[in-house]
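A.B. asks: Sharing a structure, written as structure tokens. Questions coming.
The values are calculated or read from the model by the stated rules, or taken from the named source; none is laboratory data. Since the model is a prediction, treat every value here as computed from it, not as a measurement. Cβ atoms come from the backbone with ideal geometry, glycine included; neighbour counts cover every protein chain shown. To get the accessible areas, we keep the full protein, side chains included, count just its heavy atoms, and leave off ligands, DNA and RNA. Shrake-Rupley method; radii C 1.70, N 1.55, O 1.52, S 1.80 Å.
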Amino acid sequence: MAKSNSPAVRLGVFSDTHGNARYMQEALQNLGPFNMIIHLGDGVREGRELAKQWGLPFMGVRGNEDYGALAPMDDDISFHGFKVFMMHGHQMEINPYQDAETWDRHYKEMAQRAARNSADIFLFGHTHKPVLKNQEGVLICNPGDHYLGSSFPPGFIELVIEPRKAAAVLFLRKSAGRWIESAREELHSQTADEAVGE
């Protein structure tokens, strides 16, 4: 687990690009800069390559279609006392066609899994459907996909972590170079690390 005590960090979180790096590149150009790129699987190689091109640190997890990729099944990172847990999500037998009651159970399971890992933020992909919600004090985030032919618009999560506050913003692509804020959630912590110098 990596740690940082630097000022606010901006993480660009992507998933399910399936060989299409074009929209990740566009998001970085239009909405950067970011301090790190995170890829949640099914395209982890292009996420790593893009981070390399931009000279950015990278974290990624292996998806069910990342055959032979050198990436863990899950991982975590902490900034300012907020812990981020990430996995692709195929391990949970989730899909976007399940009914609302089933998804309520999945969200509770995600919050419980985060709690078992002492995490405040749970990142997942796999369903291609963007999600941003606060479940029992855990930010649950799915940035959606960049899969060509998807029924959902391309999306990504901007995760900004500061001392005492973490904010997740879901951006969806509306047209070339135009990404709009679709949803926002925040966490506030009285126990998060103090800013450097305080």
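A.B. asks: If I filter the stretch 178-194 down to residues being more than 24 Å from residue 87 (Cα to Cα) and at pLDDT below 95, which single residue comes out as surrounded by the most Cβ atoms within 10 Å (Cβ to Cβ)?
C.D. replies: If we take residues in the stretch 178-194 being more than 24 Å from residue 87 (Cα to Cα) and at pLDDT below 95, then 193 is surrounded by the most Cβ atoms within 10 Å (Cβ to Cβ).
A.B. asks: Sticking with this structure for a sec: Any residue in the stretch 88-114 that's within 24 Å of residue 137 (Cβ to Cβ): show its pairings with residues that are open to solvent by less than 50 Å² (accessible area, probe 1.4 Å) and of a type in the set (Asp, Glu) at Cβ separation under 9 Å, as long as the two are six or more apart or on different chains.
C.D. replies: Final answer for the pair search is 88/16; 88/42; 88/66; 114/120.
A.B. asks: Of the numbered conditions (1) at pLDDT below 95; (2) within 23 Å of residue 138 (Cα to Cα); (3) touching a Lys or Arg at 6+ places or on another chain (Cβ under 9 Å); (4) among the polar types (S, T, N, Q), residue 35 fails exactly one; give the number of that condition.
C.D. replies: (1)
A.B. asks: From the set of residues in the stretch 93-107 that are at pLDDT 95 or above and under 18 Å from the mean Cα position of the chain (by Cα), which is nearest to residue 64 (Cα to Cα)?
C.D. replies: Filtering first and then ranking leaves 94.
Yes/no per residue for (1) out of contact with any Lys or Arg (no Cβ under 9 Å at 6 or more places or on another chain); (2) modelled with pLDDT under 95; (3) surrounded by fewer than 17 Cβ atoms within 10 Å (Cβ to Cβ); (4) of a type in the set (D, E, K, R):
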| position | (1), (2), (3), (4) |
| --- | --- |
| 3 | yes, yes, yes, yes |
| 13 | yes, no, no, no |
| 17 | yes, no, no, no |
| 52 | yes, no, yes, yes |
| 85 | no, no, no, no |
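A.B. asks: With the requirement that a residue be in contact (Cβ under 8 Å) with a residue 40 or more places away in the chain and either within 21 Å of residue 84 (Cβ to Cβ) or assigned to a strand (DSSP E or B) (or both), what does the stretch 159-177 give you? Working first, answer last.
C.D. replies: Step one: of the stretch 159-177, the residues in contact (Cβ under 8 Å) with a residue 40 or more places away in the chain are 159-164, 166, 168, 170-173, 176-177.
Hits for the stretch 159-177 are 159, 160, 161, 162, 163, 164, 166, 168, 170, 171, 172, 173.
A.B. asks: Within the stretch 131-153, track down each residue that is in contact with a Leu (Cβ under 9 Å, 6 or more places away or on another chain) and open to solvent by less than 30 Å² (accessible area, probe 1.4 Å).
C.D. replies: Our first condition is that a residue be in contact with a Leu (Cβ under 9 Å, 6 or more places away or on another chain); within the stretch 131-153, this holds for 131-134, 137-144, 152-153.
Matches in the stretch 131-153: 131, 132, 138, 139, 140, 141, 142, 143, 144.
A.B. asks: Would you say residue 156 is crowded, with 24+ Cβ neighbours inside 10 Å, modelled with pLDDT of 95 or more, touching a strand residue (DSSP E or B) at 6+ places or on another chain (Cβ under 7 Å) and within 20 Å of residue 98 (Cα to Cα)?
C.D. replies: Working: crowded, with 24+ Cβ neighbours inside 10 Å: yes; modelled with pLDDT of 95 or more: yes; touching a strand residue (DSSP E or B) at 6+ places or on another chain (Cβ under 7 Å): yes; within 20 Å of residue 98 (Cα to Cα): no.
It is false that residue 156 is crowded, with 24+ Cβ neighbours inside 10 Å, modelled with pLDDT of 95 or more, touching a strand residue (DSSP E or B) at 6+ places or on another chain (Cβ under 7 Å) and within 20 Å of residue 98 (Cα to Cα).
A.B. asks: Among the residues in the stretch 64-77, are any touching a Lys or Arg at 6+ places or on another chain (Cβ under 7 Å) and open to solvent by 40 Å² or more (accessible area, probe 1.4 Å)?
C.D. replies: For the stretch 64-77, residues touching a Lys or Arg at 6+ places or on another chain (Cβ under 7 Å) and open to solvent by 40 Å² or more (accessible area, probe 1.4 Å): present.
A.B. asks: Which of the strands (runs of 3 or more DSSP E) found entirely inside the stretch 1-97 contain at least 1 residues meeting this: within 24 Å of residue 181 (Cα to Cα) and not hydroxyl-bearing (Ser, Thr, Tyr)?
C.D. replies: Details: elements: 2-4, 9-14, 36-39, 58-60, 74-79, 82-87.
Passing ranges, in order: 9-14, 36-39, 58-60, 74-79, 82-87.
A.B. asks: Suppose the filter is modelled with pLDDT of 95 or more, crowded, with 23+ Cβ neighbours inside 10 Å and not hydroxyl-bearing (Ser, Thr, Tyr); does residue 123 pass it? Even if it seems obvious, please write down each step before you answer.
C.D. replies: Values: modelled with pLDDT of 95 or more: yes; crowded, with 23+ Cβ neighbours inside 10 Å: yes; not hydroxyl-bearing (Ser, Thr, Tyr): yes.
Yes; evaluated as a whole, the condition is true for this residue.
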